[in-house]
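These notes are about the structure you will find just below.
The values are calculated or read from the model by the stated rules, or taken from the named source; none is laboratory data. Note that the coordinates shown come from a computational prediction; the quantities given were computed from them, not determined experimentally. Here the Cβ positions follow ideal geometry from the backbone for every residue, glycine too, while neighbour counts run over all protein chains shown. Calculation scope for accessible area: heavy atoms of the full protein, side chains included, ligands and nucleic acids excluded. Shrake-Rupley method; radii C 1.70, N 1.55, O 1.52, S 1.80 Å.
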Amino acid sequence: MNQNKITVTSPLLPDLDEFNELLKDIWKKRWITNNGEYHQRLEQALAAYLKVPFVSLFTNGTLPLITALQALRITGEVITTPYSFVATTHSLWWNGIKPVFVDIKRETGNIDPDKIEAAITPKTTAIMPVHIYGKPCDTDAIQQIADKYGLKVIYDAAHAFGVEVNGNSILNAGDMSTLSFHATKVYNTIEGGAMIMHDEKTKKRIDYLKNFGFAGETEVVAPGINSKMDEIRSAYGLLNLKQVDAAIEARHQVAIKYREALRDVDGITFWDDLPGVRHNYSYFPIFVDAAKYGMTRDELYFKMKEQGVLGRRYYYPLISDFSTYRSLPSATKENLPVATKMANEVICLPMHHVLSGEDLTRILNLIVK
């Protein structure tokens with residue numbers, strides 16, 4: 001096979017000449033980390049773009065999850081989803097917290113609010129939902145449960161950059177939300193992440209925690225860690241912010257073409273856009289019903305791979321199937337029937353801003369029979 005590989009994603013890259021100009025300025029200032037000018041500018045620019053009050057930048061998307069749990073002093077048990085990237089649950093494990101898995105909704109892939117109350121125990125202190133594939137959770141229902149039982153809510157919004165419901169950012173839901181700016185995401189800073197919080201006092205505390213707990217030159221107010229974003233990636237992020245809307249629209253056009261081509265393929269299902277939602281088209285999952293399609297998910301996945309089309313089985317296996325978590329009482333397939341079925345059927349098709357018409361034809365010719 002001589003054809004080029006079509007990857008599941010492709011990084012959004014700033015203009016190299018523009019980036020070089022910013023690098024020259026950073027070199028001139030000789031301030032390359034520790035809350036420099038570009039770090040501060042990116043936090044302000046992101047807060048404005050995302051329609052949130054406060055942003056704290058991190059060096060990746062996992063550390064804000066870990067830090068949010070520390071900042072809110074979460075202990076005991078946290079209710080979460082098995083259908084996500086492992087960083088979601090690893091953040092709990094690293095804080096000595098027991099994950100409690102509940103099932104998801106077939107319509108969105110997100111945690112099912114109707115299953116949360118039954119999982120609450122006297123040890124439950126928080127809920128950690130995930131806006132999977134950037135599709136917004138039922139934040140109102142989750143908040144009602146949290147308020148009823150006095151629980152905190154931390155959203156893993158790694159996929160949800162720029163997503164809005166009726167013009168309002170979903171990042172404002174809950175007590176905190178966290179983002180990933182990894183190279184595979186819609187918006188990236190190569191590696192990076194952020195935390196969204198609602199007030200200046202919390203922002204200050206988070207900024208202390210991500211800088212070893214320092215509140216000044218000689219005062220340490222908490223046992224913090226080092227998770228600051230540097231000036232170089234902050235500058236890169238400022239430039240990418242200028243072009244992310246165009247990249248999202250290019251992804252939108254890819255989604256439209258996928259839906260048009262796959263709408264009447266027996267055994268292949270996908271999700272349409274939700275009313276009132278500004279989607280970011282970060283992923284395009286399809287679900288393969290082997291009995292109707294005549295081929296299993298894995299047979300299609302490997303057929304595509306052999307032809308250089310690199311989809312991904314996000315999220316398979318479930319987090320609850322990994323060795324660290326499979327012995328938990330909540331990790332059984334009987335407790336997670338919808339998540340188990342989706343994990344066994346899903347393929348995320350290539351989805352990014354530089355896919356060509358020729359690329360899409362190659363991909364779809366492997367799926368549409």
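For segment 133-232, the list of GluC sites (Glu not before Pro) that fall in a loop by DSSP and count at most 11 other C-beta atoms within 10 angstrom reads Glu217, Glu219. Note on segment 111-129 and segment 283-305: Cα centroid distance 32 Å, given to the nearest whole angstrom.
Treat every Asp and Glu Cβ in segment 31-129 as -1 and every Lys and Arg Cβ as +1, leave all other atoms uncharged, and give the resulting dipole magnitude about the Cα centre to the nearest 20 debye.
Dipole magnitude for segment 31-129 comes out near 120 debye.
Shown here for segment 289-369: chymotrypsin sites (Phe, Trp or Tyr not before Pro) in loop regions (DSSP other than H, G, I, E, B) with at most 15 other Cβ atoms within 10 Å, namely Phe322.
Computed from phi, the 3J(HN,Hα) profile of segment 310-323 under the Karplus parametrisation 6.51, -1.76, 1.60 (θ = phi - 60°) reads 9, x, 9, 8, 8, 10, 9, x, 5, 4, 5, 8, 6, 4 Hz, with x in place of Gly and Pro. For segment 1-159, DSSP calls about 10 percent of its internal beta bridges antiparallel. Summarised as an ellipsoid, the chain has semi-axes of 33, 28, 17 Å, derived from the eigenvalues of the Cα gyration tensor scaled by 5 and square-rooted, with the largest first.
Would you mind telling me the antiparallel percentage of the DSSP bridges in the chain, rounded to 5?
In the chain, approximately 60 percent of DSSP beta bridges are antiparallel ones.
Build a GNM of the chain with springs between Cα atoms under 10 Å apart, and of Thr218, Thr124, Thr139 the one that fluctuates most is Thr218. The solvent-accessible area of Leu355, taken with every protein chain present and a 1.4 Å probe, is close to 20 Å². Shown in residue order for segment 156-163 are the 3J(HN,Hα) couplings computed by the Karplus curve 6.51 cos²θ - 1.76 cosθ + 1.60 at θ = phi - 60°: 7, 10, 3, 8, 9, 4, x, 6 Hz (x for Gly and Pro). Across Ala126, Ala183, Ala141, mean-square fluctuation computed from a Gaussian network of the chain (C-alpha pairs under 10 Å connected) peaks at Ala141.
Couplings 3J(HN,Hα) of segment 217-234, computed from phi: 5, 10, 10, 10, 9, 7, x, x, 10, 10, 9, 7, 8, 7, 5, 5, 6, 5 Hz, in residue order, whole Hz [Karplus 6.51 cos²θ - 1.76 cosθ + 1.60, θ = phi - 60°; x for Gly and Pro]. Between the beta carbons of Lys51 and Lys148, assuming R0 = 30 Å, the FRET efficiency works out to 0.60 to the nearest 0.05. Compared with the alpha-carbon gap, the fully stretched path from Thr361 to Asn168 is longer by 65.9 nm at 0.36 nm per residue.
Anyone know which of Ala158, Ala194, Ala146 comes out most mobile in the 10 Å Cα GNM of the chain? Per the Cα network of the chain with a 10 Å cutoff, Ala146 tops the list.
Computed from point charges on the beta carbon alone (+1 for Lys and Arg, -1 for Asp and Glu), the dipole magnitude for the chain about its Cα centre is near 520 Debye. What residues from segment 104-132 fall in the zone where the backbone N is under 14 Å from a label point 7 Å along the Cα-to-C-beta line of Leu72? The answer is 124-131, whose backbone nitrogens lie closer than 14 Å to the label point.
Around the amide H of Gly61, modelled in the peptide plane, lie the amide H atoms of Phe181, Gly192, all under 5 Å away and 5 or more residues distant in sequence or on another chain.
Highest-first packing order for the peptide set 85-91, 253-259 is 85-91, 253-259, based on the mean count of other beta carbon atoms within 10 Å. Quick check: from the Cα gyration tensor, does segment 1-129 come out rounded (a/c under 1.5), prolate or oblate? Note, shape of segment 1-129 comes out oblate. Once the Cβ-Cβ distance of Lys28 and Ile190 is raised to the sixth power relative to R0 = 25 Å, the FRET efficiency obtained is 0.70.
Put simply, the amide H of His353, placed in the peptide plane, has neighbours under 5 Å in Ser10, leaving out anything fewer than 5 places away on its chain.
In 10 Å bins starting at zero, report the fraction of Cα pairs in segment 229-369 per bin as a rounded %. In whole percents, the pair-distance histogram is 10, 33, 30, 21, 6, 0. Protein heavy-atom accessible surface, 1.4 Å probe, per residue over the chain: 45 Å².
Fully extended, how many nm does the chain gain between Glu21 and His252 (0.36 nm per residue separation, minus their Cα-Cα distance)?
Working: separation 231, 0.36 × 231 = 83.16 nm, distance 3.12 nm.
My answer for the length gained is 80.0 nm.
Counting only protein heavy atoms and using a 1.4 Å probe, what share of the accessible area of the chain belongs to carbon plus sulfur, as a whole percent? Could the numbers behind the result be given before it?
Working: 8610 of 16500 Å².
Ligands and nucleic acids excluded, carbon and sulfur reach 52 percent.
Between Lys341 and Arg326, full extension at 0.36 nm per residue minus the direct alpha carbon distance yields a gain of 3.7 nm.
Can you figure out the FRET efficiency of Arg106 with Asn226, using R₀ = 41 Å and their beta-carbon distance, to the nearest 0.05? E between Arg106 and Asn226, to the nearest 0.05, is 0.50. A compact globular protein would have a Cα radius of gyration near 2.2 N^0.38 Å; the ratio found for segment 211-267 is 2.16. Residues whose amide H comes within less than 5 Å of that of Asn168, counting only those at least five positions distant or on another chain, are absent (H built at 1.01 Å from N in the peptide plane).
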